[in-house]
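No value in this document is a laboratory result; all are computed from the given coordinates. Because the structure is a prediction, the values reported are computed rather than measured. FYI the Cβ positions are ideal-geometry reconstructions off the backbone, even for glycines, and counts take in every protein chain you see.
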Amino acid sequence: MRKLLPILSLVLIANAANAANPDRGLYVEVNSTKLREKPQFWAKGLKDLHYGDKLASAEQENSWFKTKDANGLEGYVHASAVTKKKIILSSKSNSAAAKPDETDVVLAGKGFNREVEGAYASAGGEVNYKAVDQMQKIRIDDVALYSFLQNGKLRVE
Amino acid sequence: MIKRFITSFFCLLALFVAGCSEQMSQLSFEKIGQSVLGGVGIDPGIKSYMDAGQHMIKAVKGMSREEEYYLGRAVSAKILSRYQASTDFNLLRYINTVGTTVARFSDAPETFGGYHFMLLETNQVNAISAPGGYVFITRGLLKLLPDEDSLAAVLAHEVTHIVKQHGLKSISQSNLTAALADAGKIACKLNCNDVLQQAGQVFGATVDDLFKNLIDKGYSRDQELEADSGAVEILYRAGYSARSVQTVMEIENLQSANESGWLKSHPGLSKRISAIKNSKFLGKPNSSELGFEARKTRFAKAVKLS
């Protein structure tokens with residue numbers, strides 16, 4: 001029994017540690033991205049990921065994380081699309097709520113968000129959000145970009 | 001036996017407390033906010049929000065990617081109220097493809113809302129970027145560029161400003177305003193319309209501050225040098241000619257337009273060029289020569305048709 005006690009304590013401590021930090025993992029920090037089959041933007045997209053989606057704890061390979069989604073689907077996500085800080089989506093808007101400690105996401109959704117933008121836009125200042133929305137509509141998909149790179153003899157990873 | 005059990009118990013207790021601390025910090029944060037705002041009343045006005053913000057400034061560690069996105073949208077909305085956006089879809093698509101290429105080879109290929117590139121219909125010679133991924137180039141500057149690699153150089157320079165968050169850093173002293181907006185969010189339970197209106201005012205003040213820094217004052221000399229250096233690296237990675245950053249700087253007409261445009265706030269050209277020449281990426285071979293003519297041809301076609 002005396003020999004078993006330290007081992008038992010370690011097991012309990014390990015379980016307690018997991019319970020104390022159940023959110024260890026990655027969080028999607030951009031509006032949308034993809035879980036990819038390989039660590040390349042040109043690789044097949046396995047699943048669309050959205051802001052606040054949680055991914056499993058991951059190992060980093062250069063600029064990519066090898067990770068799993070909540071259903072255990074394994075793939076790669078680019079490091080610039082995720083954070084190790086916790087993101088909690090607020091129920092009222094699609095923004096994220098954040099807590100103030102240093103390890104957390106900073107003020108995501110608590111400060112400047114869609115609602116605040118709406119209030120700012122309706123204040124009558126010289127702003128043209130319609131043109132911004134038009135600007136955002138132009139998107140270059142990966143197929144078109146790949147072809148563009150190939151035709152220009154640019155680097156294709 | 002008992003001693004070991006007690007030791008184990010306290011280890012577990014310590015872990016339990018550590019696990020709770022996250023929740024505790026959230027609770028105390030909200031309590032601080034609510035008590036402060038409760039003390040100043042339902043509609044305390046901006047000054048009182050500043051008081052609340054001072055209590056919460058420790059909570060402000062920086063802006064989230066989401067906030068950066070909304071700031072960038074607002075600055076872009078101001079730029080696009082001042083300048084006419086191009087409606088030439090084919091040219092815009094070409095510019096966005098070159099821009100997306102350089103963004104893809106930057107250190108931050110993904111932003112909250114993605115990268116977006118717009119041509120401004122003005123003869124001024126300029127290129128501007130806003131936080132979150134918004135890049136603007138004027139028709140006046142585009143006309144002076146000789147080839148796609150030069151366009152990529154200009155866009156890569158602006159993308160580096162975004163990646164390095166140079167715009168946000170210019171308003172670092174205004175972090176308090178973010179805390180004010182946060183204070184407003186918490187108080188929203190009390191009087192949402194008033195709070196949103198006031199948060200909008202705080203947001204507007206931050207946008208104005210940022211807009212002034214980006215458009216009128218410009219980036220610091222070190223930030224410009226960093227953007228040049230970043231552009232050289234991006235071009236090298238992508239397979240463009242890394243020397244194109246220097247090519248752009250040596251365009252004679254661009255230098256003469258320096259007084260009012262893209263180079264206005266930049267360090268002296270000779271200093272920038274000599275700094276670029278020290279880049280380790282200029283000496284490295286890449287395959288940029290292979291497709292240079294093909295890229296130049298499609299550039300001419302895209303720009304000529306517009």
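Could you compute the FRET efficiency for A:Asn71 and A:Val156, with r as their C-beta to C-beta distance and R0 at 30 Å, rounded to 0.05?
On the way: r = 31 Å, r/R0 = 1.03.
With R0 = 30 Å, the Cβ-Cβ based efficiency is 0.45.
Hey, rough spin-label estimate for B:Lys217 and B:Asp194, points 7 angstrom out along Cα→Cβ, what's it come to in nanometres?
In this crude spin-label approximation the distance works out to 3.3 nm.
How far is it, in nm, from the label point at A:Ser63 to the one at B:Lys301 when both lie 7 Å from their Cα along the line to the Cβ?
In this crude spin-label approximation the distance works out to 2.8 nm.
Report the antiparallel proportion of the DSSP beta bridges in the stretch B:57-162 as a percent, rounded to a multiple of 5.
So the antiparallel bridges in the stretch B:57-162 amount to around 50 percent.
Take the residue pairs B:Lys169/B:Lys277; A:Lys44/A:Lys84; B:Lys271/B:Lys301; A:Lys68/B:Lys78; A:Lys34/A:Lys153; A:Lys137/B:Lys304 and return only those whose Cα atoms are more than 29 Å apart.
Working: B:Lys169/B:Lys277 27 Å; A:Lys44/A:Lys84 24 Å; B:Lys271/B:Lys301 34 Å; A:Lys68/B:Lys78 41 Å; A:Lys34/A:Lys153 26 Å; A:Lys137/B:Lys304 24 Å.
The pairs that break the limit, which is 29 Å between Cα atoms, are B:Lys271/B:Lys301; A:Lys68/B:Lys78.
By counting other Cβ atoms within 10 Å of each Cβ, how are A:Ile87, B:Ile128, B:Ile276, B:Ile215 ranked from fewest to most?
Numbers: A:Ile87 26, B:Ile128 23, B:Ile276 20, B:Ile215 16.
Least crowded to most crowded, the residues run B:Ile215, B:Ile276, B:Ile128, A:Ile87.
Return the long-range amide H neighbours of A:Ile88 (sequence gap of 5 or more, or a different chain), with a cut-off of under 5 Å between placed amide H atoms.
Under 5 Å from the amide H of A:Ile88: A:Ala97.
Through the Karplus equation 6.51 cos²θ - 1.76 cosθ + 1.60, θ set to phi - 60°, convert the phi angles of the stretch A:37-43 into ³J(HN,Hα) values in whole Hz; use x for Gly and Pro.
Each residue of the stretch A:37-43 in turn: 5, 10, x, 8, 5, 7, 5 Hz.
Show the residues, 5+ positions off or on another chain, whose built amide H is closer than 5 Å to the amide H of A:Leu49.
Hits under the 5 Å cutoff: A:Thr33, A:Lys34, A:Leu35.
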